[in-house]
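Computed from the coordinates by the stated procedures, all read-outs in this text should not be read as laboratory data. This one's a predicted model, so the numbers in the text were calculated from it and none came from an experiment. With ideal geometry, Cβ positions are generated from the backbone for all residues, glycine too; neighbour counts draw on all protein chains shown.
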């Protein structure tokens, strides 16, 4: 069981980082982030049809309601993530993921009136300190000017929605199982990601015409990696506290920095690595001592 869990964590981290790389490549080839997001969910849903036929049954109201919430949060979170990757550096956007722990403490304080303890406050301080090293490598440096950086804005919006999504995915797994939760995640994500295309008046035919040759290959790689990522995420959530799992997922930041350096020739890697290690330490403090 422990070995399988470790393998699931490994494949979750690697597949998530690989998906981010090809999402960035695809959007840099002038593909709309919203279309990439919708196409990913839609293709996963098509591939899930055989599974759905096997696991097809009448779901209760609680499962449908939870799945719909997961679909909305997932479509928004992944949509903002792909949008952030379009113009942002992978080695910067990856480490920012550690702020999930900060959002968790804030939500707990607002909704549950839970006061952070000393370890929690220390964790927040470490994440902010680490983010100084990472974000100080941007042209805006670590300043209020960063608020105007669209890729940073989109990444934080993605964090908020994905953090909330994780909680509801855990609930969905408890109400059903890993496989059923994955199928429902695909179908509801596809539904809402397609619905979210409407307000932006995106010309679907024009966007689909861009998905030729190498772009189409990138899309299939994204679909494969995203599917592996979500299946392994569900397995980890089933066998581990969500908070602990999110802490371990922060290890993907180190992989993101390496890939950003090797593939996209991003700079200031040493400073980003130092900041990332500090942020991961802060995330672990928040999660393990709260």
**Asked** How far is it, in nm, from the label point at residue 122 to the one at residue 265 when both lie 7 Å from their Cα along the line to the Cβ?
**Response** 4.3
**Prompt:** Name the residues of the stretch 55-97 whose amide N is less than 17 Å from a point 7 angstrom out from the Cα of residue 174 along the C-beta direction?
**Reply:** 60-70
**Complete:** Between (1) 123; (2) 159; (3) 139, the structure-derived volume of the Cα convex hull per residue in Å³ is (3)
**Complete:** Expected sort for 229, 68, 279 with the fewest Cβ neighbours (10 Å cutoff) up front is 68, 229, 279
**Asked** In nm, to one decimal, how far is the modelled label at residue 200 from the one at residue 6, with both set 7 Å along Cα→Cβ?
**Response** 4.1
**Request:** Please work out the ratio of the alpha-carbon Rg of the stretch 1-98 to 2.2 N^0.38 Å and round it to two decimals.
**Result:** 1.28
**Request:** Place a label point 7 angstrom from the Cα of residue 64 along the Cα-to-Cβ direction, then list the residues of the stretch 41-56 whose backbone nitrogen is under 11 Å away.
**Result:** none
